[in-house]
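Below is one structure, written out as structure tokens, with a few remarks after it.
Just so it is clear, none of the values below were taken in a lab; they were calculated from the coordinates. If you're wondering where the values come from, they're calculated on a predicted model, not measured in any experiment. Every residue, glycine as well, gets a Cβ built from its backbone with ideal geometry; the counts of neighbours run over all protein chains shown.
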Amino acid sequence: MALKILVAAKRVEDPESKIKVKPDGSGIVTDGVNYKLNPFDEIAVEEALRLKEKHGGEVVVASIGGEKSVTEIRAALAMGADRAILVKHDGPLDPVVVSAVFQKLFELEKPDLVLLGKQSIDDDQNQVGQYLAERLGLGQGTFASKTESLESEAEQKKQPGLVLSADGKSLEVVREVDGGVETLALQLPAVVTTDLRLNKPRFASLPGIMKAKKKEVKELAASSLGVDLAPKVVVKKLSEPPKRQGGVKVADVNELFEKLHNEAKVL
Amino acid sequence: MANVLIVAEQAQGALKKATFHALGAGREVAKRTGGKLYVALLGAGVTKAAEELASYGVEVRVADAPALEHYLAEGYAPVVAGLVKEVGASYVGAAATAFGKDLLPRVAAKLEAAMATEVLGFAGDGGAVTFRRPMWAGNVVAEVELGTPVKVFTVRATEFQPAQKEGPGSVVPVAVSVDLASLKTRFVSFKEVKSERPELTEARAVVAGGRGTKGDFKEVEALADELGAAVGASRAAVDAGWVPNDWQVGQTGKVVAPDLYVAAGISGAIQHLAGMKGSKVIVAVNKDPEAPIFALADYGLVADLFKALPELRAKIKAAK
Ligand SMILES: Cc1cc2nc3c(=O)[nH]c(=O)nc-3n(C[C@H](O)[C@H](O)[C@H](O)COP(=O)(O)OP(=O)(O)OC[C@H]3O[C@@H](n4cnc5c(N)ncnc54)[C@H](O)[C@@H]3O)c2cc1C
Ligand SMILES: Nc1ncnc2c1ncn2[C@@H]1O[C@H](COP(=O)(O)O)[C@@H](O)[C@H]1O
């Protein structure tokens with residue numbers, strides 16, 4: 001019943017960093033910007049580790065990007081993943097290309113489950129998992145969450161939110177959707193993408209960080225996989241959205257009410 | 001001439017409001033391409049909904065079958081992809097709801113198409129319409145080209161006016177052969193978050209609470225009810241399990257643009273702002289005068305929300 005899990009790990013700008021567009025609109029200013037593992041992928045790694053802790057198996061991390069992505073791969077290995085694959089590629093990518101590469105990795109690794117984040121916080125596309133499920137002809141469980149809150153006992157006990165059936169052939173996924181919460185059963189292998197409430201990712205321990213240095217990171221050239229690497233989503237130009245003019249303070253509730261009533265006319 | 005297909009969304013036969021905004025966007029694309037606008041509607045028992053859509057002056061292709069009762073991406077995607085080919089659509093769109101975001105990338109993959117998520121606007125014409133969309137939590141707006149014959153997109157409903165009724169349309173039934181037993185996905189259950197309040201994304205006013213409520217949303221909800229508003233929340237409040245997931249406003253939650261947005265006990269992280277900075281009037285109530293939300297608020301009140309919200313509610317009530 002052991003599960004082999006392939007987990008996506010993308011290097012992205014730290015969500016705490018200030019993002020500015022270059023004057024010519026060709027990209028963002030990267031000076032002074034920190035990088036980290038995409039927060040949703042961190043949740044995916046955590047979930048994979050919990051599933052492994054419960055059912056046994058192996059957690060394989062995969063990232064597509066430049067040499068620097070090794071840092072984020074090591075972060076996932078330090079959390080406890082077993083080994084990793086870096087598909088080396090410099091230059092722009094899009095969900096069409098990334099999902100095609102993951103299809104190849106799926107064929108190479110034959111995992112029981114692929115876990116990805118629901119979205120990269122740089123391109124905010126929210127597509128790769130869905131593309132991948134279709135390419136592989138598998139079921140998809142996007143926006144995976146869990147019934148219990150992140151403050152619950154189940155979370156404190158580090159229980160996985162994804163529930164493996166007794167026969168080990170299918171996985172129940174609780175999904176955050178509009179107007180409520182949906183549960184799906186997916187036949188394995190399957191593709192699942194993680195939402196924020198699935199779990200609270202662990203911090204890497206010092207021994208974990210030490211061990212990660214010795215774990216295997218296999219490097220593959222993207223060009224060796226036989227997929228079309230030319231992005232189909234072509235970003236022509238970036239700009240900053242118009243700034244909102246705010247910053248007016250009112251002294252008390254009386255003034256607030258008066259302004260909302262007479263000036264803004266929303267009351 | 002490039003035709004346009006908009007995928008409608010319904011629940012128990014009732015159309016989602018976001019669908020009409022998507023239809024508005026679809027009409028704009030059809031004007032740019034000079035093509036025809038079609039709508040795809042899938043479900044079980046959706047005849048009435050199909051007729052309602054047709055009254056907007058579009059051709060509705062309706063797949064009505066028991067197997068489509070519960071939405072499953074795996075079951076819906078082949079039907080939509082089939083329709084795209086049948087009507088010769090080069091642009092396929094839907095609202096950027098949980099449904100649209102789950103389904104359309106799968107449809108796109110089936111059609112070997114590239115996709116733009118959460119589109120804010122269009123430019124260009126003919127076969128070369130381009131898309132404006134947010135990146136990096138709305139810090140950046142990108143102009144994007146899709147380099148595939150079929151182009152797929154979801155639209156941010158708040159950025160498009162809903163479609164107006166334009167003469168009679170038509171309803172064309174489509175035969176579907178979805179065999180649920182052959183799918184690798186099975187619907188298990190849906191737990192609805194019931195609410196008497198208006199839908200968050202449609203409400204004229206929203207009162208939202210954050211970590212500053214310390215889990216006590218009573219005053220936030222009471223003010224919302226006095227205003228006939230929806231209730232929203234920051235990620236911190238949702239993560240703590242204080243309020244349903246469905247209430248989260250932000251980069252990874254709902255995007256709202258009401259006439260009035262009241263943020264109470266919310267600091268104003270960029271990921272939260274991404275979901276509400278399009279609101280007409282923003283009010284912030286926060287104890288900390290340095291909270292970043294004040295830089296953006298039209299009216300900032302440095303106060304304890306547990307004191308200020310009931311006072312404001314009393315004033316509103318008295319003025320009625
Ligand atoms: C990948 C990613 C995605 C995210 N997506 C979202 C998203 O979609 N939506 C979202 O909201 N966040 C999102 N976040 C989280 C975001 O970065 C912030 O952590 C979050 O918005 C903070 O919530 P808050 O303002 O309620 O809490 P805090 O930042 O802790 O602020 C609480 C505020 O309450 C004030 N306060 C305390 N007591 C009172 C009182 N009695 N009266 C008045 N004011 C009081 C404090 O002064 C403080 O300003 C995301 C983060 C990441 C990394
Ligand atoms: N370059 C990449 N390397 C590894 N995983 C990726 C990459 N790009 C996207 N992903 C995965 O796909 C998810 C969704 O990405 P997106 O569709 O770009 O929003 C992310 O959360 C990652 O798990």
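Across all Cα atoms of the range A:1-97, the radius of gyration (one decimal) and Dmax (whole number) stand at 15.3, 54 Å. For the range B:144-195, pairs of C-alpha atoms spaced more than 11 angstrom apart make up 87 percent of the total.
Other residues lying with their Cβ under 11 Å from the Cβ of B:ALA257 contribute a combined charge of +2, Lys and Arg counting +1, Asp and Glu -1. Summing charges over all other residues whose Cβ lies under 14 Å from the Cβ of A:LEU225, with Lys and Arg as +1 and Asp and Glu as -1, gives 0. Mean silhouette area of the range B:160-284, derived from the convex hull of its C-alpha atoms and averaged over all directions, reads 11.5 nm².
Each helix, a run of at least 4 DSSP H residues, gives -39500 (n - 2.57); summed and divided by the residues of the protein assembly as shown, these come to -8000 deg cm²/dmol at 222 nm. Helix B:73-87 against the longest principal axis of chain B: what's the angle in degrees, Cα atoms only, rounded to the nearest 10? It is inclined by approximately 50 degrees. For the cross-link pairs A:LYS232/B:LYS17; A:LYS36/A:LYS211; B:LYS191/B:LYS218; B:LYS218/B:LYS317, the ones whose C-alpha atoms lie over 26 Å apart are A:LYS232/B:LYS17. Grab the other residues whose beta carbon is less than 10 angstrom from that of A:ARG74, score K and R as +1, D and E as -1, and report the net. Its environment carries a net charge of +1.
When the pairs A:LYS237/B:LYS16; A:LYS18/A:LYS68; A:LYS259/B:LYS194; A:LYS118/B:LYS110 are compared against a 26 Å limit on Cα-Cα distance, A:LYS237/B:LYS16; A:LYS259/B:LYS194 fall above it. Taking the longest Cα principal axis of chain A as reference, the axis of helix A:39-55 is set at about 40 degrees. The H on the amide N of A:VAL21, modeled in the peptide plane, is under 5 Å from the matching H of A:VAL29, each at least 5 residues off or on a different chain.
Among A:81-88, B:107-114, what's the highest-first ranking by average C-beta atoms within 10 angstrom per residue?
Listed from highest to lowest mean packing, they are B:107-114, A:81-88.
Within the listed set A:ASN199, A:ASN126, A:ASN34, the Gaussian network model of chain A (springs between alpha-carbon atoms below 10 Å) gives the highest mean-square fluctuation for A:ASN34. Note on the range A:212-267: percent of Cα-Cα distances in each 10 Å bin, starting at 0 and stopping at the bin with the largest distance, equals 14, 18, 14, 13, 13, 14, 14.
What ranking of A:HIS89, A:HIS261 emerges when the number of other C-beta atoms within 10 Å of each C-beta is taken as an exposure proxy, fewest first? Don't skip to the answer; put the middle values down first.
Details: A:HIS89 21, A:HIS261 14.
The most exposed by this proxy come first: A:HIS261, A:HIS89.
Of A:GLU172, A:GLU46, A:GLU182, the residue with the greatest mean-square motion in the GNM of chain A, using alpha carbon springs below 10 Å, is A:GLU182.
For A:134-141, what's the mean count of beta carbons from other chains sitting within 10 Å of each residue's beta carbon? Please list the in-between numbers first.
Values: counts 12, 4, 2, 2, 3, 7, 10, 3.
What the average comes to for A:134-141 is 5.
Residue by residue, the range B:38-43 carries 3J(HN,Hα) couplings of 10, 10, 9, 10, 10, x Hz when phi is fed to the Karplus relation 6.51 cos²θ - 1.76 cosθ + 1.60 (θ = phi - 60°); x denotes Gly or Pro. Straight-line cross-link reach from A:LYS169 at under 13 Å between alpha-carbon atoms covers these aspartates and glutamates, not counting any fewer than eight positions away in the same chain: A:ASP112. Convex hull of alpha carbon positions in chain A: directionally averaged projected area 18.8 nm². Pairs of alpha carbons in the range B:1-141 separated by more than 26 Å make up 18% of all such pairs.
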